[in-house]
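The values are calculated or read from the model by the stated rules, or taken from the named source; none is laboratory data. Please read these numbers as outputs of a predicted model, since none were measured by experiment. Virtual Cβ from ideal backbone geometry, glycine too; neighbours counted across all protein chains shown. SASA here: full protein model, heavy atoms, side chains in, ligands and nucleic acids out. Shrake-Rupley method; radii C 1.70, N 1.55, O 1.52, S 1.80 Å.
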Amino acid sequence: DLDPRLALYDIRTMSDLRRASLAERQFVLTLVAGLGVLALALAVVGVYGVLALVVAERTSELGLRMALGAAPASVIALVIGQALRLTGIGVALGLVFAVGAATATRSVLVGVTAYDPLTYVAVPLLIVLGATIAAVAPARRALGVDPATVLQA
(Lines give C-alpha, C1' and ligand atoms only; values in the text may rest on other atoms or scores of the structure.)
Protein backbone atom coordinates (compact mmCIF):
# COMPACT_ATOMS: atom_id res chain seq x y z
CA ASP A 1 0.00 0.00 0.00
CA LEU A 2 2.86 2.40 0.69
CA ASP A 3 4.84 1.90 -2.50
CA PRO A 4 3.37 -0.20 -5.34
CA ARG A 5 6.77 -0.21 -7.16
CA LEU A 6 8.48 -2.37 -4.50
CA ALA A 7 9.06 -6.00 -5.46
CA LEU A 8 7.64 -8.25 -2.74
CA TYR A 9 8.55 -11.92 -2.47
CA ASP A 10 8.48 -14.72 0.08
CA ILE A 11 5.75 -13.15 2.18
CA ARG A 12 5.08 -15.25 5.29
CA THR A 13 3.49 -14.76 8.65
CA MET A 14 5.54 -14.52 11.83
CA SER A 15 4.25 -17.89 13.02
CA ASP A 16 5.47 -19.49 9.77
CA LEU A 17 8.89 -17.86 10.20
CA ARG A 18 9.07 -19.07 13.80
CA ARG A 19 8.04 -22.60 12.84
CA ALA A 20 10.68 -22.71 10.07
CA SER A 21 13.43 -21.47 12.36
CA LEU A 22 12.64 -24.14 14.99
CA ALA A 23 12.10 -27.04 12.56
CA GLU A 24 15.67 -28.33 12.67
CA ARG A 25 15.84 -28.25 16.47
CA GLN A 26 12.45 -29.97 16.74
CA PHE A 27 13.64 -32.71 14.37
CA VAL A 28 16.77 -33.29 16.45
CA LEU A 29 14.78 -33.38 19.69
CA THR A 30 12.25 -35.80 18.18
CA LEU A 31 15.11 -38.01 17.04
CA VAL A 32 16.70 -37.93 20.50
CA ALA A 33 13.35 -38.78 22.13
CA GLY A 34 12.90 -41.69 19.74
CA LEU A 35 16.38 -42.97 20.53
CA GLY A 36 15.57 -42.67 24.24
CA VAL A 37 12.48 -44.84 23.80
CA LEU A 38 14.56 -47.34 21.82
CA ALA A 39 17.17 -47.37 24.61
CA LEU A 40 14.45 -48.07 27.18
CA ALA A 41 13.11 -50.94 25.06
CA LEU A 42 16.63 -52.38 24.70
CA ALA A 43 17.15 -52.10 28.45
CA VAL A 44 13.93 -54.03 29.11
CA VAL A 45 14.89 -56.71 26.58
CA GLY A 46 18.35 -56.94 28.16
CA VAL A 47 16.92 -57.33 31.65
CA TYR A 48 14.56 -60.00 30.35
CA GLY A 49 17.43 -61.88 28.69
CA VAL A 50 19.63 -61.78 31.77
CA LEU A 51 16.78 -62.87 34.05
CA ALA A 52 15.76 -65.67 31.70
CA LEU A 53 19.36 -66.94 31.76
CA VAL A 54 19.61 -66.66 35.55
CA VAL A 55 16.32 -68.50 36.02
CA ALA A 56 17.40 -71.20 33.57
CA GLU A 57 20.66 -71.68 35.48
CA ARG A 58 18.83 -71.74 38.82
CA THR A 59 16.07 -74.11 37.72
CA SER A 60 17.26 -76.89 40.01
CA GLU A 61 17.58 -74.53 42.99
CA LEU A 62 14.11 -73.08 42.44
CA GLY A 63 12.64 -76.55 41.96
CA LEU A 64 14.30 -77.71 45.19
CA ARG A 65 12.85 -74.73 47.02
CA MET A 66 9.39 -75.63 45.72
CA ALA A 67 9.93 -79.31 46.63
CA LEU A 68 10.82 -78.29 50.18
CA GLY A 69 7.60 -76.32 50.47
CA ALA A 70 8.34 -72.82 49.24
CA ALA A 71 5.22 -70.96 48.24
CA PRO A 72 4.93 -69.91 44.59
CA ALA A 73 4.67 -66.30 45.71
CA SER A 74 8.02 -66.52 47.49
CA VAL A 75 9.70 -67.94 44.36
CA ILE A 76 8.27 -65.10 42.25
CA ALA A 77 9.33 -62.58 44.90
CA LEU A 78 12.85 -64.05 44.88
CA VAL A 79 13.25 -63.69 41.11
CA ILE A 80 11.64 -60.25 40.88
CA GLY A 81 13.53 -59.05 43.97
CA GLN A 82 16.82 -59.97 42.36
CA ALA A 83 15.82 -58.08 39.22
CA LEU A 84 14.84 -55.00 41.18
CA ARG A 85 18.08 -55.01 43.17
CA LEU A 86 20.13 -55.03 39.97
CA THR A 87 17.85 -52.43 38.40
CA GLY A 88 18.17 -50.22 41.48
CA ILE A 89 21.95 -50.27 41.21
CA GLY A 90 21.73 -49.37 37.51
CA VAL A 91 19.23 -46.57 38.12
CA ALA A 92 21.39 -45.11 40.89
CA LEU A 93 24.47 -45.12 38.65
CA GLY A 94 22.42 -43.65 35.80
CA LEU A 95 21.20 -40.81 37.99
CA VAL A 96 24.76 -40.00 39.05
CA PHE A 97 25.88 -39.85 35.41
CA ALA A 98 22.78 -37.87 34.40
CA VAL A 99 23.47 -35.19 36.98
CA GLY A 100 27.08 -35.06 35.77
CA ALA A 101 26.02 -34.73 32.14
CA ALA A 102 23.36 -32.10 32.85
CA THR A 103 25.75 -29.20 32.41
CA ALA A 104 26.78 -30.45 28.96
CA THR A 105 23.16 -30.72 27.78
CA ARG A 106 22.00 -27.40 29.19
CA SER A 107 22.56 -25.52 25.91
CA VAL A 108 20.29 -27.77 23.81
CA LEU A 109 17.32 -27.94 26.18
CA VAL A 110 14.27 -25.85 25.31
CA GLY A 111 11.46 -25.32 27.79
CA VAL A 112 13.01 -27.51 30.48
CA THR A 113 15.92 -27.09 32.87
CA ALA A 114 18.91 -29.41 33.01
CA TYR A 115 17.84 -30.48 36.50
CA ASP A 116 14.13 -31.00 35.78
CA PRO A 117 12.70 -32.93 38.75
CA LEU A 118 9.97 -34.54 36.66
CA THR A 119 12.58 -36.09 34.36
CA TYR A 120 14.70 -37.30 37.27
CA VAL A 121 11.64 -39.02 38.78
CA ALA A 122 9.74 -40.24 35.69
CA VAL A 123 12.63 -41.90 33.84
CA PRO A 124 13.82 -44.05 36.77
CA LEU A 125 10.22 -45.04 37.48
CA LEU A 126 9.77 -46.08 33.84
CA ILE A 127 12.95 -48.13 33.96
CA VAL A 128 11.93 -49.86 37.20
CA LEU A 129 8.46 -50.53 35.77
CA GLY A 130 9.99 -51.98 32.59
CA ALA A 131 12.36 -54.17 34.59
CA THR A 132 9.50 -55.44 36.75
CA ILE A 133 7.46 -56.31 33.67
CA ALA A 134 10.51 -58.00 32.12
CA ALA A 135 11.06 -60.04 35.31
CA VAL A 136 7.52 -61.44 35.44
CA ALA A 137 7.92 -63.95 32.56
CA PRO A 138 11.05 -65.66 33.95
CA ALA A 139 9.47 -65.67 37.42
CA ARG A 140 6.36 -67.38 36.10
CA ARG A 141 8.53 -69.85 34.20
CA ALA A 142 10.29 -70.68 37.47
CA LEU A 143 6.92 -71.80 38.86
CA GLY A 144 6.64 -74.40 36.10
CA VAL A 145 9.61 -76.37 37.42
CA ASP A 146 8.51 -79.84 38.50
CA PRO A 147 9.86 -80.45 42.04
CA ALA A 148 9.83 -84.25 41.58
CA THR A 149 12.06 -84.04 38.52
CA VAL A 150 14.49 -81.81 40.37
CA LEU A 151 14.63 -84.22 43.33
CA GLN A 152 15.35 -87.13 40.99
CA ALA A 153 18.17 -85.20 39.34
**Request:** Note down the nm distance, to one decimal, between modelled labels 7 Å out along Cα→Cβ at residue 106 and at residue 39.
**Result:** 2.0 nm
**Request:** Kindly sort 89, 127 by accessible area of their heavy atoms, largest first, with the probe set to 1.4 Å.
**Result:** 89, 127
**Item:** Interatomic Cα distance distribution for segment 1-146, bins of 5 angstrom, percent
**Value:** 2, 8, 13, 14, 12, 10, 8, 7, 6, 5, 4, 3, 2, 2, 1, 1, 1, 1, 0, 0
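Based on DSSP H runs of at least 4 residues, each adding -39500 (n - 2.57), what is the mean residue ellipticity at 222 nm of the chain after dividing by all its residues, to the nearest 500 deg cm²/dmol?
Working: 5 runs with 120 residues, N = 153.
Helices in the chain give a 222 nm mean residue ellipticity of -27500 deg cm²/dmol.
Please list the helices of the chain that count as membrane-span-like by this rule: a mean Kyte-Doolittle hydropathy of at least 0.5 together with Cα atoms stretching 15 Å or more along the helix axis, each helix being a complete DSSP H run. Don't skip to the end; give the middle numbers.
Details: long enough: 14-57 (63 Å, 1.41); 72-105 (48 Å, 1.65); 117-143 (39 Å, 1.50).
Flagged H segments are 14-57, 72-105, 117-143.
With only Lys, Arg, Asp and Glu charged, each at its Cβ (+1 for the first two, -1 for the last two), find how big the charge dipole of the chain is about the Cα centre; round to the nearest 20 debye.
Working: 11 positive and 9 negative charges, 54 e Å.
Here the chain has a charge dipole of around 260 debye.
In a shell of Cβ-Cβ distance under 14 Å around residue 83, excluding residue 83 itself, what net charge do Lys and Arg (+1) and Asp and Glu (-1) give?
Working: positive: 58, 85, 140, 141; negative: none.
The answer is +4.
Could you work out the relative contact order of the chain? I mean the mean sequence separation of Cα pairs under 8 Å and 6+ apart, divided by the number of residues, in percent.
40 percent
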**Asked** If you find the alpha carbon centre of segment 4-32 and of segment 62-103, how far apart are they in angstrom?
**Response** 49 Å
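Would you mind counting up the charge near residue 62? Only other residues with Cβ under 14 Å from its Cβ, with Lys and Arg at +1 and Asp and Glu at -1. If you can, show how the numbers build up before the last one.
Numbers: positive: 58, 65, 140, 141; negative: 57, 61, 146.
My count for the surroundings of residue 62 gives +1.
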**Message:** Could you tell me which residue out of 51, 135, 23 lies farthest along the dipole of segment 17-153 toward its positive end? Charges go on the beta carbon: Lys and Arg +1, Asp and Glu -1, centred on the Cα centre.
**Reply:** 23
**Message:** Which residues among segment 118-140 fall inside the zone where the amide N is under 20 Å from a point 7 Å beyond the Cα of residue 50, along Cα→Cβ?
**Reply:** 123-140
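Excluding ligands, DNA and RNA, what is the solvent-accessible area per residue of segment 20-63 at a probe of 1.4 Å, expressed in Å²? It would help to have the intermediate numbers written out before the result.
Details: 2960 Å² over 44 residues.
I get 67 Å² per residue for segment 20-63.
On the protein heavy atoms, probe 1.4 angstrom, tell me the percent of accessible surface of the chain carried by carbon and sulfur.
On the way: 7760 of 10950 Å².
Summing carbon and sulfur atoms, their accessible area is 71 percent of the total for the chain.
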